[in-house]
1. When the Karplus curve 6.51 cos²θ - 1.76 cosθ + 1.60 is applied with θ = phi - 60°, which whole-Hz ³J(HN,Hα) does each residue of segment 81-86 get, with x for Gly and Pro?
2. Using a Gaussian network model on the chain with a 10 Å cutoff between Cα atoms, which of 63, 218, 115 fluctuates the most?
3. For a quick check of your reading of the filter: which chymotrypsin sites (Phe, Trp or Tyr not before Pro) in segment 1-70 sit in a DSSP loop and have no more than 14 other Cβ atoms within 10 Å?
4. Counting pairs of Cα atoms in the chain, how many percent are more than 28 Å apart?
5. Over 20 Å apart: what share of the alpha carbon pairs of segment 44-114 falls there, rounded to a whole percent?
6. Which is the longest run of the chain containing none of the GluC sites (Glu not before Pro) found in DSSP loop states (not H, G, I, E, B) with at most 14 other C-beta atoms within 10 Å?
7. Under a Cβ-Cβ cut-off of 14 Å, what is the net charge of the residues other than residue 109 that fall near it, where Lys and Arg count +1 and Asp and Glu count -1?
8. Quick one: net charge around residue 161, please, counting Lys, Arg +1 and Asp, Glu -1 for every other residue with C-beta under 12 Å from its C-beta.
Amino acid sequence: MQYSAVTHRGYVREQNEDAYYLPGAEGAPGNLAIVADGMGGHRAGEVASAMAVRSAVIAFGRLQDTPGMTLREKIFQAMNEANREVYEATQESEQYAGMGTTMTLAVLDEEKIDLGHVGDSRAYLFHEGALRQITRDHTLVQQLIDLGELLPQERRGHPQGNIITRALGTARIVDVDLIEEKWQRGDMLLLCSDGLTGAVTDEEIAAVLGGQEPREALQTLLGLALKRGGRDNITIALILHGGDAQ
C-alpha cells in the first residue's frame, strides 16, 4: 500500500490544530492511519489532536496481540483510551478546559478497511472512478438533514456548520462508530479534516483522484482548499491499495 499525507495551517487559523498518523515510526502499527481535528482555544485544540493520535497509536499497538479481542473491539478500546486521556487533561488543567478532537481511524488489510469514527473528519472510498463517503458526520447540520429540516445541498456554508455533536475528550466515555468496508487493488481511501470538505466538493475530489497520481492529487486538493480562502486547517491522507509500500 502507498501512504501519503499533507497538512497545512491555512490562511486564517493561528495554529494547525489537525494531527495525523501514517505508518513509518519504528515500532508503531504498520496498518493504521488516523486523521484528527482538534478544537479549543489557546493551542488546546492542537494539544487535543496530538494527544489523542499518540494515545490511540500506542493503545492499538499494545492491543495488537491481545487474545480474544476482535479488531472492532481493539479499535473501540484504542479510541476510548485516547478519549480518556484527553478528557482527563481537560479536568486537570484550566488551560485545556473544553478541548476535544475529532478522530477517524482506519485499520487496513488486503481485503477490507475497518474504521473507528467520531466527529466530522471524513473517510471516503474511491472505487472504479466513484467517490463514496463511508463515515457519517457527527454535526448539528447532519442532524438537521436527517430530520428533513435541511437539504444536503444546503450543508455548505451553513452558519452552524462548525457545531460538532460528538468528539473525543468531551465526556468520560465516547460512542464510536465502527464501520467495515471491502476494498480491492486500485482503490483509494481518503481521510480528511473538514478544512478540505468545507471548501472542495465531493465531485471535485473525485475528479482529482480519478485523474492524478496520489501525491499529485494531494497537492491539487490542498491547493483548491487554499485558493478558496484556506479558512480552516487542512489535512488529507490518501492510501492507495496496491501501491508500493512507502
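FYI, it's all coordinate maths here, none of it is from the lab. Given the structure is predicted, the values throughout are model-derived calculations rather than measurements. Neighbour counts are summed over all protein chains in view; Cβ atoms, including those assigned to glycine, are modelled from backbone coordinates with ideal geometry.
1. Listing the rounded values in order: 5, 4, 4, 5, 5, 5 Hz.
2. Evaluated over the chain, the most mobile residue of the options is 63.
3. Sparse-neighbourhood loop chymotrypsin sites (Phe, Trp or Tyr not before Pro): 11.
4. Value for the chain (Cα pairs over 28 Å): 28 percent.
5. Numbers: 833 of 2485 pairs.
Distances greater than 20 Å cover 34 percent of the Cα pairs.
6. Working: sites that count: 14, 26, 110, 111, 128, 149.
Longest stretch, sites excluded: 150-246.
7. Values: positive: 72, 74, 112, 182, 185; negative: 110, 111, 114, 180, 181, 187.
Here the charged neighbours net out to -1.
8. Working: positive: 155, 156, 231; negative: 120, 137, 154, 194, 232.
Counting the neighbours of residue 161, the net charge comes to -2.
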